[in-house]
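Notes follow the structure.
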Amino acid sequence: MNGGYVLGANGLPFLVQGKELLLQLARLRLCLRKGKFPYSQEAGSKLWALDLNGEHSRERALALANEALLDLAGVQAESAEISGGKIIFRIVTPLGEGEVEYGEIQGDTGTDAGGL
């Protein structure tokens, strides 16, 4: 599975493919606010509205993440850990596992992209 180019730590572009591409696509779906992408109103998640201090917040985060990942065949969130305003998801793909971080949640400003 071939993907696009992203900037590396050194600022130079490199090709993302395979498992890393699937994890990148998962992160995009988690960080994008559902209903805010003009070309696909169904793309994205409702994680931005999650109360991290609420009852069962980890379970709700996991459910919201898996809802956002439905259109990625074979990709799902296996676990969620909440720490310091961030959610770290364990993502399982057909090509392996990895972690995806949903950045600091800043409330409903309409501009937060989950650390994107």
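Some observations on this one:
- √(5λ) per eigenvalue of the Cα gyration tensor, segment 10-59, largest first, Å: 26, 16, 10
- For the chain, averaging the sequence separation of C-alpha pairs within contact (under 8 Å, six or more residues apart) and dividing by the residue count gives a relative contact order of 21 percent.
- Using only Cα coordinates, the Kirkwood hydrodynamic radius of segment 1-107 works out to 14.3 Å.
- Averaging the sequence gap over all C-alpha pairs within less than 8 Å and six or more residues apart, then dividing by the number of residues, gives segment 29-82 a relative contact order of 29 percent.
- Straight Cα distances below 19 angstrom link LYS36 to the lysines LYS46, with same-chain residues fewer than 8 positions distant left out.
- Under 9 Å, Cβ to Cβ, from GLU97 - net charge with Lys/Arg +1 and Asp/Glu -1: 0
- By accessible area with a 1.4 Å probe, ligands and nucleic acids excluded, highest first: order of TYR5, TYR102: TYR5, TYR102
- Surface composition of the chain: carbon plus sulfur atoms hold 51% of the accessible area, using a 1.4 angstrom probe and ignoring ligands, DNA and RNA.
- Per-residue extension of 0.36 nm, minus the Cα-Cα distance of TYR5 and LYS86, leaves a gain of 26.6 nm for this segment.
- Highest average packing first - 26-35, 72-81, 8-17, Cβ atoms within 10 Å: 26-35, 72-81, 8-17
- With protein chains left intact and a 1.4 Å probe, residues in segment 1-96 average 60 Å² of accessible area per residue.
The values are calculated or read from the model by the stated rules, or taken from the named source; none is laboratory data. As the structure is a computational prediction, the values presented were derived from the model and not from experiment. FYI the Cβ positions are ideal-geometry reconstructions off the backbone, even for glycines, and counts take in every protein chain you see. Note: areas computed on protein heavy atoms with side chains; ligands, DNA, RNA excluded. Shrake-Rupley method; radii C 1.70, N 1.55, O 1.52, S 1.80 Å.
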